[in-house]
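Quick notes on the structure that follows.
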Amino acid sequence: MTLTLIDRARRTGHVTDRDAGDAPGRGPADTGAAPERTPDAAPAPAPGSAPRRAAGREADGLAVASFVLGLVGLLVFNLLLGPAAIVMALLALARRTRRPGRARLGLALGVADLVVLAVLVTVNGTVAWDLAG
């Protein structure tokens with residue numbers, strides 16, 4: 001985080017406390033000219049674009065995780081995995097994932113996990129599958 005802030009300050013020409021020299025608001029090497037750009041240096045990203053990209057990637061991961069947890073929850077641990085899938089799907093949808101279909105499917109599977117749990121408890125009086133009989 002610190003390196004990013006220092007690097008961003010150098011790219012934009014802002015003066016940090018460490019760069020400040022004797023003249024107020026100007027660093028010792030600051031001549032007022034625009035900072036030089038090297039050909040291999042990447043242009044500075046637009047303010048706020050990096051957090052949006054990271055948040056979108058995180059939301060996509062939440063959508064996929066909700067789908068997987070909902071799917072696995074149909075077979076095992078539906079008491080835990082169903083609500084987890086629901087929460088992750090709602091978070092992914094709130095963060096505007098690029099995969100809303102997968103998040104909605106994870107939400108549906110999480111609800112299905114809880115329905116399967118309710119049916120198992122009602123029919124067998126247990127929270128486990130009984131395939132033998």
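For this structure, a couple of remarks:
- Computed 3J(HN,Hα) for the range 62-69, one whole-Hz value per residue from the Karplus formula 6.51 cos²θ - 1.76 cosθ + 1.60 where θ = phi - 60°, is 5, 5, 5, 5, 5, 4, 5, 5, glycine and proline marked x.
- Length released on extending from Val76 to Arg95, taking residue separation times 0.36 nm less the Cα-Cα span: 4.0 nm
We did not get these values from a lab; they are worked out from the coordinates using the rules stated. No experiment lies behind these values; they were computed from the predicted model shown.
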